Amino acid sequence: SGSEDIQVGLIDFQWSGFGLASTDIAHFLTSAVHADRLVDGGEDFLMRYYFDELQTHLVKFGAVETAGDALKHFSYETFMDQYDTAVLDICRLMIAYTWSRFDEPVEKDDAPACARTMNKTSYNKSIPNIVWLLGRCDEIMKSRGV
């Protein structure tokens, strides 16, 4: 009916081109998924699901012949190493650039605040997401001997 409000979201495609699948999923998880979905195995579950779907579709769309070929060419370990690198890059961006724009913490159930900050990523408006992301960066750096 014409009397209902329509809510619209917009994705800002600032760059497109060849890249790593792990970079895309790192950006998605760190900027659009609330921290309560990433703790207690949530991140691992989502990463495994994404990887399994990627492997299935590499075969389905002819990038490789078999599931074994998909794993041979792109293992879960490679995927996760690339993901960890992408998460570190997001931390670099967050600390160097976006924190200066962090001026309004927003909780996921606060609809008016979410509407005001729609163009901000979750690590730029949610304290739990900032804490989660910094914790992940710390884990990754320690695992790499930094």
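Here, each number is a calculation from the coordinates, and none is a lab measurement. The model shown is predicted, which means the values in this text are computed figures rather than measured ones. Counting neighbours? That spans all protein chains shown, and the Cβs are built from the backbone with ideal geometry, glycine included.
Just a few scattered comments:
- Taken together, the residues in region 49-80 that are under 22 Å from Arg136 (Cα atoms) and in contact (Cβ under 8 Å) with a residue 12 or more places away in the chain amount to 5.
- Of all residues in region 56-70, those satisfying the criterion of being in a helix (DSSP H, G or I) and surrounded by 15 or more Cβ atoms within 10 Å (Cβ to Cβ) are Leu58, Val59, Ala70.
- Hits in region 34-48 (condition: touching a residue at least 40 places away in the same chain (Cβ under 8 Å) and not in a helix (DSSP H, G or I)): His34, Leu38, Val39
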